[in-house]
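The values are calculated or read from the model by the stated rules, or taken from the named source; none is laboratory data. In this text the structure is predicted, and so the values were computed from the model without any measurement. No Cβ is skipped: glycine too gets one built from the backbone with ideal geometry, and neighbour counts run over all protein chains shown.
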Amino acid sequence: MVVDQPHPMYLADGKKYVIGDAVDVLSSIDDADVICLDDAWSRPYRGGQFGVEYDTHPFDHEEDSSTSTKTIVDACMEALKPGGWLIADADDWLLPRLTSYLMEEHGDVNEDYGGGGYRKVGSVTYLSSDETPDRSTPGMYGSTGGYSVVFGHKEETERRWSESVRQVVPRQREKFGWGSVKPILPYQKWVGDLMNPGDHLVVPCAGTAPAALGAEIAFDSSIQYTCIDNEPNAYKAFCRRAQEETTVNTESLEFPEIPNRLSTADEM
């Protein structure tokens, strides 16, 4: 279900979860310090793979597609402040396309260690219960045991941070009523090291928004964030996760109910 107009759900001062189209909402933002972009929407024909019917998109614009991965990436870069960072999850299909596009259109920092654009590739590696890399979904051609994460920034940046871009964490087991749920800890470490109190974090295609919850843990009331997802059920899963994660302090947060017109449309 895609809502016609963005509908913000206000959680606290400076914190909201917008039910709406990511590109539409990003077009109204120009002060993002960090953007954490999930990859679940980015691979064509991915819908239903994790039990959630995502609106997926081709990488480039096609006649039968209203948007594309390139469009969303460009919207993210536009929404960032100069010096702001993009942290983008990337599966095997997306990784080479995303890194190449960032280099070609937004710059390759590693070419001369100046300017902006693509910076480096990190990863999240899942651990199974015996502390070895999780191979529960290896597929036909080897297991990655997690997923890659692409890091880049808009123009020159003065933000310095030392947290590893490669994180190793237990696989996220609880789904909170949502199909594809990623762990909080990697994003908590990244945004906690990269951001400052009062900064604005934006999380397009948010789902349960682990980056926003990581910022909540790291900064509590001294951080701003905007989560975006066009599925009302994603907002419901986010609320459930925020309330059930013991490390998240929810005393200053409110979780307003979705208006009936959105809930009813979602169930149709």
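Considering only residues of the stretch 251-262 that are in contact with a helix residue (DSSP H, G or I) (Cβ under 6 Å, 6 or more places away or on another chain) and surrounded by 13 or more Cβ atoms within 10 Å (Cβ to Cβ), which is modelled with the highest pLDDT?
In this case the residue turns out to be 255.
Looking only at helices (runs of 4 or more DSSP H) that fall completely inside the stretch 153-268, which ones have 1 or more residues that are out of contact with any Lys or Arg (no Cβ under 9 Å at 6 or more places or on another chain) and under 22 Å from residue 14 (Cα atoms)?
Once the helices (runs of 4 or more DSSP H) in the stretch 153-268 are filtered for at least 1 residues that are out of contact with any Lys or Arg (no Cβ under 9 Å at 6 or more places or on another chain) and under 22 Å from residue 14 (Cα atoms), what remains is 185-194, 210-219, 232-244.
Here is a list: 210, 232. Which entry is of a type outside the set (A, V, I, L, M, F, W, C), in contact with a helix residue (DSSP H, G or I) (Cβ under 9 Å, 6 or more places away or on another chain), modelled with pLDDT under 95 and crowded, with 17+ Cβ neighbours inside 10 Å?
Within the list 210, 232, the selection yields 232.
Taking the residues in the stretch 1-54 that are charged (D, E, K, R) and closer than 19 Å to residue 150 by Cβ as candidates, determine which candidate is modelled with the lowest pLDDT.
Out of the qualifying residues, it is 46.
When the stretch 109-120 is examined, which residues are found to be crowded, with 19+ Cβ neighbours inside 10 Å and either touching a residue at least 40 places away in the same chain (Cβ under 8 Å) or more than 21 Å from residue 190 (Cα to Cα) (or both)?
109, 116
Is the stretch 176-195 home to any residue that is out of contact with any Gly (no Cβ under 9 Å at 6 or more places or on another chain) and crowded, with 21+ Cβ neighbours inside 10 Å?
Yes.
Go through the stretch 102-115 and count every residue that is modelled with pLDDT of 95 or more, more than 17 Å from residue 35 (Cα to Cα) and of a type outside the set (Gly, Ala, Ser).
Qualifying residue count for the region: 5.
Which one of these is in contact with a strand residue (DSSP E or B) (Cβ under 9 Å, 6 or more places away or on another chain) and at pLDDT 70 or above: 81, 70?
Of the residues listed, the single one that is in contact with a strand residue (DSSP E or B) (Cβ under 9 Å, 6 or more places away or on another chain) and at pLDDT 70 or above is 81.
Just the residues that are at pLDDT below 95 and in contact with a helix residue (DSSP H, G or I) (Cβ under 6 Å, 6 or more places away or on another chain), please, taken from the stretch 84-101.
Listed by number, the list holds a single entry, 90.
Out of curiosity, is residue 177 modelled with pLDDT under 95, in contact with a helix residue (DSSP H, G or I) (Cβ under 7 Å, 6 or more places away or on another chain) and within 22 Å of residue 241 (Cβ to Cβ)?
For residue 177, the condition - modelled with pLDDT under 95, in contact with a helix residue (DSSP H, G or I) (Cβ under 7 Å, 6 or more places away or on another chain) and within 22 Å of residue 241 (Cβ to Cβ) - is met.
Quick test for you: out of 165, 150, 124, pick the one residue that is among the β-branched types (Val, Ile, Thr), in contact with a Pro (Cβ under 8 Å, 6 or more places away or on another chain) and within 22 Å of residue 201 (Cα to Cα).
On inspection, the qualifying residue turns out to be 124.
Determine the pairs where a residue that is of a type in the set (Asp, Glu), located within the stretch 75-101, has a partner that is in a helix (DSSP H, G or I) with Cβ atoms under 9 Å apart, the partner being 6 or more residues away or on another chain.
Note: pairs meeting the criteria are 78/26.
Could you list, in sequence order, all residues of the stretch 121-151 that are in contact (Cβ under 8 Å) with a residue 60 or more places away in the chain and of a type in the set (A, V, I, L, M, F, W, C)?
124, 149, 150, 151
Anything in the stretch 229-262 that is hydrophobic (A, V, I, L, M, F, W, C) and touching a His at 6+ places or on another chain (Cβ under 9 Å)? List them, or say none.
Those that are hydrophobic (A, V, I, L, M, F, W, C) and touching a His at 6+ places or on another chain (Cβ under 9 Å): 258, 262.
Working only within the stretch 121-157, note down all residues that are at pLDDT 95 or above and either loosely packed, with under 13 Cβ neighbours inside 10 Å or touching an Asp or Glu at 6+ places or on another chain (Cβ under 6 Å) (or both).
Answer for the stretch 121-157, where residues must be at pLDDT 95 or above and either loosely packed, with under 13 Cβ neighbours inside 10 Å or touching an Asp or Glu at 6+ places or on another chain (Cβ under 6 Å) (or both): 149, 156.
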